[in-house]
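I'd like to ask some things about the structure below.
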């Protein structure tokens, strides 16, 4: 039997994914075949005529079979790029997604406006550490208390922080929201679970089956985490401290009301690339003053 060639294998895997109705079939095939063969996009072209060993062929088949079962391609690869860094994934973490870059960019503006040489902030529900690591890399004098309920997520995040060269400023803490912290924080940043419990069953299978429910389920109305975080942040942040959230579609008014009730003033609502308000920035009032005009 003639050996399978790289180009033929890529074509075949692309066809299988297309036939299954996978939207990003071409990209997914390239990523999976490339990873299994140790080739980048250019290598797949330049070595299209090379024979594929039986072991490598088996590896490709196994990876594509997982994709056909709705497992997201980056779960299969074990890592995903976010901002300027690559983040290892684990079963206890969400995949960092482009929407969250909206929150990171807004938080970076908040940090820059503070003008402090050193910023101590919390990343609540750190997961892979994508938010914390991205901000630590942008602000070399900053430190982050990275909070998660999952030991597995914290271990993954700590490895990612070390790989990005910020591990000495990344402080992992297993806790429920901000309950374990004192009053020393300059900022709190969080992409908390915000999907209403009743909506979980209707999520894309790749999310529903492979993302951890702990990081998705926001309670009956999707606002449980925001209730806790606005209340606890009021105790952990000094007057003038910044509170920044990622939110789901249509949650802006509800989250803003919770923040106002806890003593925070709105500074900015930032849309993502699709025009959906995705990130909110609040500041803790100084003796009840509205800080909107001072931002």
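Using R₀ = 41 Å, calculate the FRET efficiency as 1/(1 + (r/R₀)^6) where r is the Cβ-Cβ separation of residue 66 and residue 173; round to 0.05.
That gives a FRET efficiency of 0.80.
Could you check which residue among 152, 83, 34 shows the biggest mean-square fluctuation in a GNM of the chain with a 10 Å Cα cutoff?
Sorting by GNM fluctuation, first place goes to 34.
For the residues 168, 28, 50, what sequence is obtained by ranking on other C-beta atoms within 10 Å, fewest first?
168, 50, 28
May I pose another question? For the chain, take the longest principal axis of its alpha carbons; what is the angle in degrees between that and the long axis of helix 224-236, to the nearest 10 within 0 to 90?
With both axes taken from Cα atoms, the answer is about 50 degrees.
Given the rule -39500 (n - 2.57) for each run of at least 4 DSSP H residues, summed and divided by the residues of the chain, what is its mean residue ellipticity at 222 nm, to the nearest 500 deg cm²/dmol?
Mean residue ellipticity, 222 nm, calculated: -12500 deg cm²/dmol.
Pairing the Cα long axis of helix 151-163 with the longest principal axis of the chain, what angle in degrees results, from 0 to 90 and rounded to the nearest 10?
On a 0 to 90 degree scale, this one is about 80.
Could you tell me which of rounded, prolate or oblate describes the stretch 145-295, using a ≥ b ≥ c as the square roots of the eigenvalues of the alpha-carbon gyration tensor, with rounded for a/c under 1.5 and, failing that, prolate when a/b is larger than b/c and oblate otherwise?
Here the stretch 145-295 falls in the oblate category.
Tell me, what is the percent relative contact order of the chain, built from C-alpha pairs under 8 Å that lie six or more residues apart?
Relative contact order of the chain: 14 percent.
Identify which of 136, 57, 181 has the largest mean-square fluctuation in a Gaussian network model of the chain, with springs joining Cα atoms closer than 10 Å.
Of 136, 57, 181, the Gaussian network model singles out 57 as fluctuating most.
How big is the gap, in Å, between the Cα center of the stretch 223-256 and the Cα center of the stretch 61-100?
28
While we're looking at this one, here's another question. Compute the long axis of helix 252-261 from its Cα atoms, compare it with the longest principal axis of the Cα atoms of the chain, and write down the angle in degrees, 0 to 90, nearest 10.
In the chain, helix 252-261 runs at an angle near 30 degrees to the longest axis.
Between 224, 211, 12, find the one with the highest GNM mean-square fluctuation for the chain; connect C-alpha pairs within less than 10 Å.
Checking each option, the largest mean-square fluctuation is seen for 12.
Moving on. Defining a contact as two alpha carbons under 8 Å apart and six or more residues distant in sequence, what relative contact order in percent does the stretch 140-246 show?
Result for the stretch 140-246 is 31 percent.
Could you point to the label whose value was computed as mean projected area of the Cα convex hull in nm² for the structure here, given [x] 22.0; [y] 25.7; [z] 16.6?
Computing mean projected area of the Cα convex hull in nm² and matching it to [x] 22.0; [y] 25.7; [z] 16.6 gives [z].
Rule-based calculations on the coordinates, nothing more; no lab input. Because the structure is predicted, anything quoted here is derived from the model rather than measured. Heads up, the Cβs are rebuilt from the backbone with ideal geometry, glycines too, and the neighbour counts pull from every protein chain shown.
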